[in-house]
Amino acid sequence: MRFCTDPNALPIALCGSLSLHPVSTGARMHNAAYDALGLPFAYVPFAMTPERLPDALVCMRALGIRGFGISMPFKVQILPLLDELDPTAARIGAVNTVVNEQGRLIGHNCDWIGAVRALEEVLGTGGIRGRKVVLVGAGGAARAVAFGLVQSGAELTIVNRTESKARKLAQDTGAHAFGDLAAIDEVRQADVLVQATPVGMKAHAAETIVPKHLLREGLCVMDIVYDPPDTPLLQVAREQGARTINGLRMLLHQAARQFELYTGKPAPLEVMHAALAENGS
Ligand code: NAP
(Lines give C-alpha, C1' and ligand atoms only; values in the text may rest on other atoms or scores of the structure.)
Protein backbone atom coordinates (compact mmCIF):
# COMPACT_ATOMS: atom_id res chain seq x y z
CA MET A 1 0.00 0.00 0.00
CA ARG A 2 1.25 3.51 -0.85
CA PHE A 3 0.68 6.31 1.68
CA CYS A 4 1.27 10.04 1.38
CA THR A 5 3.50 10.57 4.45
CA ASP A 6 5.08 13.91 3.53
CA PRO A 7 2.77 16.70 4.86
CA ASN A 8 4.26 19.11 2.31
CA ALA A 9 3.65 16.80 -0.64
CA LEU A 10 0.73 17.27 -3.00
CA PRO A 11 -2.21 14.98 -2.25
CA ILE A 12 -1.85 11.69 -4.07
CA ALA A 13 -3.85 11.38 -7.27
CA LEU A 14 -5.46 7.94 -7.26
CA CYS A 15 -5.82 5.84 -10.41
CA GLY A 16 -6.72 2.20 -10.79
CA SER A 17 -8.56 -0.49 -12.69
CA LEU A 18 -12.04 -1.99 -12.49
CA SER A 19 -12.17 -5.66 -13.46
CA LEU A 20 -13.92 -8.90 -12.50
CA HIS A 21 -10.61 -10.51 -11.56
CA PRO A 22 -7.95 -7.88 -10.73
CA VAL A 23 -4.42 -8.58 -11.95
CA SER A 24 -1.24 -6.76 -10.96
CA THR A 25 -0.01 -5.97 -14.48
CA GLY A 26 -1.44 -2.43 -14.72
CA ALA A 27 -0.43 -1.54 -11.16
CA ARG A 28 3.16 -2.68 -11.81
CA MET A 29 3.51 -0.58 -14.97
CA HIS A 30 1.76 2.57 -13.72
CA ASN A 31 3.29 2.65 -10.22
CA ALA A 32 6.78 2.08 -11.65
CA ALA A 33 6.21 4.98 -14.07
CA TYR A 34 4.94 7.30 -11.29
CA ASP A 35 7.98 6.43 -9.16
CA ALA A 36 10.40 6.96 -12.05
CA LEU A 37 9.03 10.46 -12.69
CA GLY A 38 8.54 11.26 -8.98
CA LEU A 39 4.81 11.89 -9.50
CA PRO A 40 2.40 11.95 -6.53
CA PHE A 41 0.18 9.28 -8.08
CA ALA A 42 -0.80 5.77 -6.99
CA TYR A 43 -2.57 2.97 -8.89
CA VAL A 44 -4.77 0.34 -7.26
CA PRO A 45 -6.57 -2.57 -8.99
CA PHE A 46 -10.20 -2.89 -7.78
CA ALA A 47 -12.48 -5.94 -8.12
CA MET A 48 -15.80 -4.95 -9.71
CA THR A 49 -19.15 -6.52 -10.60
CA PRO A 50 -21.69 -5.29 -13.20
CA GLU A 51 -24.15 -4.46 -10.37
CA ARG A 52 -21.65 -2.22 -8.53
CA LEU A 53 -20.27 -0.39 -11.57
CA PRO A 54 -22.67 2.64 -11.32
CA ASP A 55 -21.74 3.09 -7.62
CA ALA A 56 -18.03 2.87 -8.47
CA LEU A 57 -18.41 5.83 -10.83
CA VAL A 58 -20.30 7.81 -8.18
CA CYS A 59 -17.32 7.16 -5.86
CA MET A 60 -14.91 8.17 -8.62
CA ARG A 61 -16.57 11.58 -8.84
CA ALA A 62 -17.02 11.98 -5.06
CA LEU A 63 -13.46 11.01 -4.17
CA GLY A 64 -11.83 12.71 -7.15
CA ILE A 65 -10.24 9.49 -8.40
CA ARG A 66 -8.26 10.57 -11.48
CA GLY A 67 -8.55 7.54 -13.76
CA PHE A 68 -9.70 3.97 -14.15
CA GLY A 69 -8.72 1.28 -16.64
CA ILE A 70 -11.79 -0.75 -17.60
CA SER A 71 -11.79 -4.46 -18.52
CA MET A 72 -14.37 -6.76 -20.05
CA PRO A 73 -17.32 -7.02 -19.47
CA PHE A 74 -17.56 -3.35 -18.44
CA LYS A 75 -16.21 -1.72 -21.61
CA VAL A 76 -19.68 -1.34 -23.16
CA GLN A 77 -21.80 -1.33 -19.98
CA ILE A 78 -20.01 1.83 -18.83
CA LEU A 79 -20.93 3.95 -21.88
CA PRO A 80 -24.26 5.43 -20.61
CA LEU A 81 -22.70 6.17 -17.20
CA LEU A 82 -20.12 8.62 -18.60
CA ASP A 83 -20.43 12.36 -19.26
CA GLU A 84 -18.51 12.40 -22.54
CA LEU A 85 -16.74 10.08 -24.97
CA ASP A 86 -13.56 10.70 -26.92
CA PRO A 87 -14.64 10.64 -30.63
CA THR A 88 -12.76 7.41 -31.47
CA ALA A 89 -14.10 5.63 -28.37
CA ALA A 90 -17.59 6.72 -29.47
CA ARG A 91 -17.04 5.26 -32.94
CA ILE A 92 -15.64 2.00 -31.50
CA GLY A 93 -18.52 1.82 -29.00
CA ALA A 94 -16.29 0.67 -26.14
CA VAL A 95 -14.23 2.37 -23.44
CA ASN A 96 -11.17 0.95 -21.67
CA THR A 97 -10.14 4.12 -19.84
CA VAL A 98 -12.09 6.74 -17.86
CA VAL A 99 -10.48 10.06 -16.98
CA ASN A 100 -12.00 12.34 -14.33
CA GLU A 101 -11.68 15.92 -15.61
CA GLN A 102 -12.84 18.02 -12.63
CA GLY A 103 -15.88 15.84 -12.00
CA ARG A 104 -16.67 15.09 -15.65
CA LEU A 105 -16.00 11.47 -16.54
CA ILE A 106 -14.56 11.14 -20.06
CA GLY A 107 -14.35 7.73 -21.76
CA HIS A 108 -11.39 6.85 -23.95
CA ASN A 109 -10.31 3.74 -25.83
CA CYS A 110 -6.55 3.17 -25.59
CA ASP A 111 -6.62 -0.37 -27.06
CA TRP A 112 -6.60 0.90 -30.65
CA ILE A 113 -3.70 3.26 -29.89
CA GLY A 114 -1.81 0.38 -28.26
CA ALA A 115 -2.19 -1.75 -31.39
CA VAL A 116 -1.24 1.07 -33.77
CA ARG A 117 1.83 2.11 -31.76
CA ALA A 118 2.98 -1.53 -31.44
CA LEU A 119 2.78 -1.92 -35.23
CA GLU A 120 4.46 1.44 -35.84
CA GLU A 121 7.44 0.35 -33.72
CA VAL A 122 8.19 -2.10 -36.55
CA LEU A 123 6.66 -0.36 -39.59
CA GLY A 124 7.71 3.19 -38.63
CA THR A 125 5.48 6.13 -37.70
CA GLY A 126 2.80 6.45 -40.38
CA GLY A 127 3.96 3.08 -41.71
CA ILE A 128 0.49 1.52 -41.61
CA ARG A 129 -0.84 3.85 -44.34
CA GLY A 130 -1.42 2.01 -47.60
CA ARG A 131 -0.47 -1.42 -46.19
CA LYS A 132 -2.60 -4.46 -46.92
CA VAL A 133 -3.58 -5.82 -43.51
CA VAL A 134 -5.51 -9.00 -42.67
CA LEU A 135 -7.17 -8.92 -39.24
CA VAL A 136 -8.36 -12.24 -37.80
CA GLY A 137 -11.27 -11.89 -35.38
CA ALA A 138 -14.30 -9.64 -34.93
CA GLY A 139 -14.72 -9.62 -31.14
CA GLY A 140 -14.22 -6.75 -28.71
CA ALA A 141 -10.45 -6.39 -29.09
CA ALA A 142 -10.55 -6.88 -32.87
CA ARG A 143 -13.12 -4.06 -33.06
CA ALA A 144 -10.74 -1.55 -31.44
CA VAL A 145 -7.82 -2.77 -33.57
CA ALA A 146 -9.91 -2.53 -36.78
CA PHE A 147 -10.85 1.09 -36.09
CA GLY A 148 -7.22 1.92 -35.37
CA LEU A 149 -6.01 0.27 -38.57
CA VAL A 150 -8.58 1.95 -40.84
CA GLN A 151 -7.99 5.31 -39.13
CA SER A 152 -4.26 4.84 -39.79
CA GLY A 153 -4.86 4.26 -43.51
CA ALA A 154 -4.59 0.46 -43.78
CA GLU A 155 -6.31 -1.43 -46.58
CA LEU A 156 -8.03 -3.82 -44.19
CA THR A 157 -9.55 -7.29 -44.71
CA ILE A 158 -11.40 -8.76 -41.72
CA VAL A 159 -11.52 -12.56 -41.45
CA ASN A 160 -13.69 -14.23 -38.81
CA ARG A 161 -15.13 -17.67 -38.00
CA THR A 162 -18.62 -16.16 -38.04
CA GLU A 163 -18.74 -14.25 -41.32
CA SER A 164 -21.73 -12.07 -40.36
CA LYS A 165 -19.66 -10.51 -37.54
CA ALA A 166 -16.81 -9.81 -39.96
CA ARG A 167 -19.29 -8.14 -42.33
CA LYS A 168 -20.74 -5.99 -39.54
CA LEU A 169 -17.28 -4.89 -38.38
CA ALA A 170 -16.21 -4.14 -41.96
CA GLN A 171 -19.33 -1.99 -42.44
CA ASP A 172 -18.79 -0.16 -39.14
CA THR A 173 -15.11 0.60 -39.80
CA GLY A 174 -15.07 1.07 -43.57
CA ALA A 175 -12.72 -1.91 -44.00
CA HIS A 176 -11.90 -2.92 -47.56
CA ALA A 177 -13.15 -6.55 -47.41
CA PHE A 178 -14.31 -9.33 -45.12
CA GLY A 179 -14.80 -13.10 -45.13
CA ASP A 180 -15.00 -16.29 -43.09
CA LEU A 181 -11.90 -18.30 -42.16
CA ALA A 182 -11.49 -19.48 -45.79
CA ALA A 183 -10.56 -15.87 -46.61
CA ILE A 184 -7.38 -16.31 -44.56
CA ASP A 185 -5.76 -16.98 -47.98
CA GLU A 186 -5.77 -13.17 -48.37
CA VAL A 187 -2.62 -13.27 -46.20
CA ARG A 188 -0.75 -14.22 -49.43
CA GLN A 189 -1.19 -10.62 -50.68
CA ALA A 190 -0.86 -8.94 -47.27
CA ASP A 191 1.95 -6.92 -45.70
CA VAL A 192 0.63 -7.36 -42.16
CA LEU A 193 -1.35 -10.04 -40.30
CA VAL A 194 -3.00 -9.22 -36.96
CA GLN A 195 -4.35 -12.14 -34.90
CA ALA A 196 -7.07 -10.86 -32.51
CA THR A 197 -8.91 -13.99 -31.32
CA PRO A 198 -8.18 -15.92 -28.09
CA VAL A 199 -6.61 -18.74 -30.16
CA GLY A 200 -3.03 -19.02 -28.91
CA MET A 201 -3.96 -18.56 -25.25
CA LYS A 202 -3.18 -21.59 -23.07
CA ALA A 203 -6.71 -23.03 -23.37
CA HIS A 204 -6.57 -22.77 -27.20
CA ALA A 205 -2.88 -23.56 -27.65
CA ALA A 206 -3.48 -26.61 -29.87
CA GLU A 207 -5.60 -24.68 -32.40
CA THR A 208 -4.30 -22.70 -35.36
CA ILE A 209 -6.15 -20.31 -37.64
CA VAL A 210 -3.30 -19.30 -39.93
CA PRO A 211 -1.69 -22.19 -41.87
CA LYS A 212 2.12 -22.32 -41.85
CA HIS A 213 2.42 -21.99 -45.65
CA LEU A 214 0.91 -18.46 -45.50
CA LEU A 215 3.64 -17.21 -43.14
CA ARG A 216 6.69 -15.92 -44.97
CA GLU A 217 9.57 -13.49 -45.05
CA GLY A 218 8.35 -9.94 -45.67
CA LEU A 219 5.16 -10.44 -43.65
CA CYS A 220 4.75 -8.66 -40.30
CA VAL A 221 2.72 -10.76 -37.83
CA MET A 222 1.20 -9.32 -34.65
CA ASP A 223 -0.62 -11.62 -32.21
CA ILE A 224 -2.51 -9.60 -29.60
CA VAL A 225 -2.70 -12.59 -27.22
CA TYR A 226 -0.29 -11.81 -24.36
CA ASP A 227 -0.66 -14.88 -22.13
CA PRO A 228 1.54 -16.54 -23.23
CA PRO A 229 3.38 -13.77 -25.08
CA ASP A 230 5.13 -16.17 -27.44
CA THR A 231 2.17 -17.92 -29.07
CA PRO A 232 2.41 -20.89 -31.46
CA LEU A 233 1.51 -18.50 -34.32
CA LEU A 234 4.45 -16.21 -33.52
CA GLN A 235 6.85 -19.15 -33.15
CA VAL A 236 5.93 -20.54 -36.59
CA ALA A 237 5.90 -17.04 -38.15
CA ARG A 238 9.48 -16.48 -36.88
CA GLU A 239 10.61 -19.87 -38.22
CA GLN A 240 9.18 -18.87 -41.61
CA GLY A 241 11.16 -15.61 -41.59
CA ALA A 242 8.32 -13.18 -40.74
CA ARG A 243 8.77 -10.22 -38.40
CA THR A 244 6.74 -10.72 -35.22
CA ILE A 245 5.15 -8.51 -32.53
CA ASN A 246 3.70 -10.01 -29.36
CA GLY A 247 0.60 -8.90 -27.45
CA LEU A 248 2.63 -7.39 -24.60
CA ARG A 249 3.67 -4.51 -26.90
CA MET A 250 0.01 -3.56 -27.44
CA LEU A 251 -0.64 -3.91 -23.70
CA LEU A 252 2.38 -1.72 -22.93
CA HIS A 253 1.45 1.00 -25.41
CA GLN A 254 -2.18 1.17 -24.28
CA ALA A 255 -0.95 1.57 -20.68
CA ALA A 256 1.46 4.27 -21.84
CA ARG A 257 -1.45 6.17 -23.43
CA GLN A 258 -3.42 5.84 -20.16
CA PHE A 259 -0.42 7.24 -18.27
CA GLU A 260 -0.32 10.22 -20.66
CA LEU A 261 -4.05 10.86 -20.15
CA TYR A 262 -3.82 10.62 -16.33
CA THR A 263 -0.63 12.64 -15.81
CA GLY A 264 -0.34 14.81 -18.94
CA LYS A 265 3.29 13.67 -19.27
CA PRO A 266 5.06 11.40 -21.79
CA ALA A 267 5.21 7.82 -20.52
CA PRO A 268 8.60 6.36 -19.52
CA LEU A 269 8.20 3.40 -21.86
CA GLU A 270 11.33 1.49 -20.84
CA VAL A 271 10.42 1.71 -17.14
CA MET A 272 6.92 0.43 -17.89
CA HIS A 273 8.30 -2.33 -20.10
CA ALA A 274 10.65 -3.50 -17.35
CA ALA A 275 7.74 -3.55 -14.87
CA LEU A 276 5.61 -5.52 -17.33
CA ALA A 277 8.41 -8.05 -17.77
CA GLU A 278 8.53 -8.72 -14.00
CA ASN A 279 7.19 -12.14 -12.98
CA GLY A 280 7.99 -13.37 -16.47
CA SER A 281 4.88 -11.80 -18.11
P1 NAP B 1 -13.90 -11.90 -27.76
O2 NAP B 1 -14.69 -10.61 -27.79
O3 NAP B 1 -14.48 -13.06 -27.05
O4 NAP B 1 -13.66 -12.29 -29.31
C5 NAP B 1 -13.60 -13.53 -29.75
C6 NAP B 1 -13.27 -13.54 -31.28
O7 NAP B 1 -12.42 -14.62 -31.51
C8 NAP B 1 -14.48 -13.71 -32.15
O9 NAP B 1 -14.22 -13.07 -33.39
C10 NAP B 1 -14.53 -15.22 -32.33
O11 NAP B 1 -15.15 -15.66 -33.51
C12 NAP B 1 -13.06 -15.54 -32.39
N13 NAP B 1 -12.75 -16.89 -31.93
C14 NAP B 1 -12.84 -17.37 -30.67
N15 NAP B 1 -12.46 -18.66 -30.62
C16 NAP B 1 -12.13 -19.01 -31.89
C17 NAP B 1 -11.67 -20.21 -32.47
N18 NAP B 1 -11.46 -21.33 -31.75
N19 NAP B 1 -11.42 -20.22 -33.80
C20 NAP B 1 -11.63 -19.10 -34.55
N21 NAP B 1 -12.08 -17.93 -34.04
C22 NAP B 1 -12.31 -17.89 -32.73
O23 NAP B 1 -12.46 -11.70 -27.16
P24 NAP B 1 -11.63 -10.34 -27.10
O25 NAP B 1 -12.00 -9.58 -25.89
O26 NAP B 1 -11.74 -9.67 -28.44
O27 NAP B 1 -10.13 -10.88 -26.85
C28 NAP B 1 -9.43 -11.61 -27.85
C29 NAP B 1 -7.98 -11.79 -27.40
O30 NAP B 1 -7.33 -10.52 -27.39
C31 NAP B 1 -7.82 -12.36 -25.98
O32 NAP B 1 -6.78 -13.30 -25.99
C33 NAP B 1 -7.41 -11.15 -25.16
O34 NAP B 1 -6.61 -11.50 -24.04
C35 NAP B 1 -6.59 -10.38 -26.18
N36 NAP B 1 -6.47 -8.94 -25.90
C37 NAP B 1 -5.22 -8.42 -25.91
C38 NAP B 1 -5.03 -7.06 -25.65
C39 NAP B 1 -3.64 -6.49 -25.65
O40 NAP B 1 -3.47 -5.33 -25.21
N41 NAP B 1 -2.63 -7.19 -26.12
C42 NAP B 1 -6.15 -6.23 -25.40
C43 NAP B 1 -7.42 -6.80 -25.41
C44 NAP B 1 -7.56 -8.17 -25.66
P45 NAP B 1 -16.76 -15.79 -33.60
O46 NAP B 1 -17.26 -14.42 -33.92
O47 NAP B 1 -16.99 -16.78 -34.68
O48 NAP B 1 -17.23 -16.30 -32.26
Problem - Cut-off 12 Å between beta-carbons: net charge of the residues surrounding residue 110, Lys and Arg +1, Asp and Glu -1 - result: 0
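Working out 0.36 nm times the residue gap between residue 104 and residue 12, then minus their Cα-Cα distance, what length gain in nm do you get to one decimal? Walk me through the numbers before you get to the answer.
Details: separation 92, 0.36 × 92 = 33.12 nm, distance 1.91 nm.
Computed gain between residue 104 and residue 12 is 31.2 nm.
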Problem - With Cα atoms, 0 to 90° folded angle of helix 163-173 axis to the chain main axis - result: 60 degrees
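Which percent of the accessible area of the chain is formed by carbon and sulfur heavy atoms (probe 1.4 angstrom)? Don't skip to the end; give the middle numbers.
On the way: 7030 of 12930 Å².
In the chain, the share of accessible area belonging to carbon and sulfur is 54 percent.
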Exercise for the section: Can you figure out the FRET efficiency of residue 213 with residue 129, using R₀ = 35 Å and their beta-carbon distance, to the nearest 0.05? Expected result: 0.80
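Give the relative contact order (percent, whole number) for region 67-206; include only Cα pairs under 8 Å separated by 6+ residues. All intermediate terms of the calculation are to be shown ahead of the outcome.
On the way: 247 pairs, mean separation 26.7, N = 140.
Relative contact order, region 67-206: 19 percent.
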Problem - Given charges at beta-carbon only (K, R positive; D, E negative), |dipole| of the chain in Debye - result: 220 debye
Exercise for the section: Find the relative contact order for the chain and round it to a whole percent, using C-alpha pairs within less than 8 Å whose residues are 6+ positions apart. Expected result: 16 percent
Fill in the blank from the handout: Taking a crude spin-label model, label points 7 Å out from Cα along the C-beta direction, the residue 63 to residue 121 distance in nm is 3.2 nm
Problem - Dipole magnitude of region 38-195 about its Cα centre (Cβ charges: Lys, Arg +1; Asp, Glu -1), debye to nearest 20 - result: 60 debye
Completion exercise
Length gained if residue 52 through residue 83 is fully extended, taking 0.36 nm per residue and subtracting the Cα-Cα distance, is 9.3 nm
Practice task
Mind checking the full-extension length gain between residue 227 and residue 180? Use 0.36 nm per residue of separation minus the Cα-Cα distance, one decimal, nm.
Solution key: 14.4 nm
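Is the shape of region 151-192 rounded, prolate or oblate, going by the alpha carbon gyration tensor and its root eigenvalues a ≥ b ≥ c, with a/c under 1.5 for rounded and a/b larger than b/c for prolate? Walk me through the numbers on the way to the answer.
Values: a/c = 2.85, a/b = 1.03, b/c = 2.76.
It is oblate, given that a/c is not under 1.5 and a/b is not larger than b/c.
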Problem - Mean residue ellipticity (222 nm) of the chain, computed from DSSP H runs ≥ 4 via -39,500 (n - 2.57), nearest 500 - result: -11000 deg cm²/dmol
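With the cut-off at 1.5 for a/c, could you classify the chain from its C-alpha gyration tensor as rounded, prolate or oblate? Mind dumping the intermediate values first?
On the way: a/c = 2.08, a/b = 1.65, b/c = 1.26.
Prolate shape, in that a/c is at least 1.5 and a/b is the bigger ratio.
The values are calculated or read from the model by the stated rules, or taken from the named source; none is laboratory data. What you see is a predicted model, and the numbers here were worked out from it, not measured in a lab. When we count neighbours, we look across all protein chains shown, and the Cβ atoms used for this are built from the backbone with ideal geometry, even at glycine. Accessible surface is based on the protein model in full, side chains and every heavy atom, while ligands, DNA and RNA are left aside. Shrake-Rupley method; radii C 1.70, N 1.55, O 1.52, S 1.80 Å.
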